[in-house]
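The values are calculated or read from the model by the stated rules, or taken from the named source; none is laboratory data. Because the structure is a prediction, the values reported are computed rather than measured. With ideal geometry, Cβ positions are generated from the backbone for all residues, glycine too; neighbour counts draw on all protein chains shown.
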Amino acid sequence: MIEFKRKYIMNIIINHVWFHPTIKINYIMMRRNRIITCFVTFVTISLIISAGCKKKPEIQPEFRGVWLHTGLFSPQKEKAVRQMDSLFTLYQETGINNLFCYNSAPGENSFTWDYLQTLIDEGNKKNIRIHPIFYPGYTVNLEKEIVDHPHWLIRGMDGQYEPHFNIANPEVREYWIDRIKATFKYDIAGIHLDYIRFPITQMYSYDSLTCELFKREFQYSPLEVSHDCGSMIWCEWIKWNSRQVTEFLKEIQKAVKNSEKPLLLGADVFPDMETADVLIAQNWKNWAENGLVDFLCPMLYTNNLDLFREYVRNAMNAAGNNCKVYPGIGIHTSHNDITGELLIKEVEITREERTNGMVFFSGYSFNKEMMDTLNATLF
């Protein structure tokens with residue numbers, strides 16, 4: 001009887017309390033808050049664990065390059081190997097990790113041994129990667145090419161031959177692509193392009209084939225109109241030649257991609273993108289914006305630090321996230337002779353502008369004294 005009364009009283013109390021509006025709402029709120037608190041705690045712990053498991057982004061080492069000429073090495077292989085070992089040791093101590101090598105491909109030098117393979121072998125010992133240089137617009141042996149390939153040469157307005165290949169000629173482009181492909185069998189880091197342009201001062205070709213190709217598009221030969229910017233046809237002639245160089249670059253890019261090797265494609269370009277497009281058909285702003293290369297090396301050979309920074313910044317803005325920019329720093333060039341103090345400041349500018357790399361011109365003048373200067377300060 002007593003037990004019955006106790007249960008009866010407890011039921012009355014519980015029912016009275018539970019159905020009281022304020023108490024019931026408070027209870028529901030308390031339960032909801034507890035559930036929310038548990039959920040937030042679970043999510044927070046999960047995020048912390050997830051963040052801890054994620055791999056941190058790998059910091060890329062600073063790209064430090066040098067343009068290298070064959071004249072630094074003996075024609076005798078054993079002596080050349082010793083010279084490479086000595087020079088590459090200095091480069092390694094300075095953090096140089098990439099070399100752009102002139103005349104390194106088979107058939108491009110007078111060595112009786114495989115110069116490119118030797119560069120690669122010696123470079124690998126010092127963790128230095130090799131990029132053979134190709135320069136389609138550079139000077140050729142005029143007398144030889146007049147005999148071998150006269151139709152490949154640039155022809156002036158009066159018909160004279162110029163000692164340069166005409167990049168607008170499809171056969172010339174095929175010739176260079178075949179030479180580039182010949183290096184794919186080597187363990188190279190990439191393909192590097194220099195003189196990927198026409199000669200300075202608008203030295204385009206007025207041979208019959210080129211003029212005919214242009215006329216098919218614009219109904220006039222460039223020889224039939226006024227040669228100034230007052231003529232729209234002349235303006236289109238300038239743009240047309242620029243497109244020929246860009247199309248050539250696209251063909252090279254395709255060949256590199258088809259190699260199925262992780263090769264980088266880089267190019268040396270003139271400092272000012274607008275001027276380069278008009279005067280030498282080098283529309284590298286377009287190349288950068290469309291990712292036609294992995295990196296550009298604007299050749300900023302100057303002792304003027306303000307100009308150097310301005311042009312680095314312009315190149316970085318043009319490139320955006322589409323390609324890298326590794327400014328070329330001239331040590332001794334036809335445009336400047338740099339001091340150790342200026343060298344330090346220009347390297348600092350590349351870092352302040354976040355290029356994550358630079359290239360020194362050239363192996364002849366980037367000597368031990370210059371390397372010691374950088375090693376004692378920035379490197």
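Exactly one condition in (1) modelled with pLDDT of 95 or more; (2) assigned to a loop (DSSP other than H, G, I, E, B); (3) loosely packed, with under 13 Cβ neighbours inside 10 Å is false for residue 201; which is it?
(1)
In region 153-183, how many are surrounded by fewer than 20 Cβ atoms within 10 Å (Cβ to Cβ) and either over 29 Å from residue 99 (Cα atoms) or acidic (Asp, Glu) (or both)?
Residues meeting the conditions: 11.
For residue 260, state whether it is assigned by TED's automatic domain parsing to the domain that holds residue 129 and in a helix (DSSP H, G or I).
no
Within region 123-134, is there a residue that is surrounded by fewer than 13 Cβ atoms within 10 Å (Cβ to Cβ) and in contact with a strand residue (DSSP E or B) (Cβ under 8 Å, 6 or more places away or on another chain)?
So far as region 123-134 goes, no, none of its residues is surrounded by fewer than 13 Cβ atoms within 10 Å (Cβ to Cβ) and in contact with a strand residue (DSSP E or B) (Cβ under 8 Å, 6 or more places away or on another chain).
Tally up the residues in region 113-158 that are out of contact with any Ser or Thr (no Cβ under 9 Å at 6 or more places or on another chain), assigned to a loop (DSSP other than H, G, I, E, B) and touching a residue at least 40 places away in the same chain (Cβ under 8 Å), please.
Residues that pass the stated criteria total 6.
So in region 179-198, with the set limited to residues that are in contact with a helix residue (DSSP H, G or I) (Cβ under 9 Å, 6 or more places away or on another chain) and assigned to a helix (DSSP H, G or I), which one is farthest from residue 138 (Cα to Cα)?
181
Inspect all residues belonging to region 229-246 and state whether any of them is over 26 Å from the mean Cα position of the chain (by Cα), loosely packed, with under 15 Cβ neighbours inside 10 Å, in the same structural domain as residue 169 (by TED's automatic domain parsing) and modelled with pLDDT under 95.
So far as region 229-246 goes, yes, one or more of its residues are over 26 Å from the mean Cα position of the chain (by Cα), loosely packed, with under 15 Cβ neighbours inside 10 Å, in the same structural domain as residue 169 (by TED's automatic domain parsing) and modelled with pLDDT under 95.
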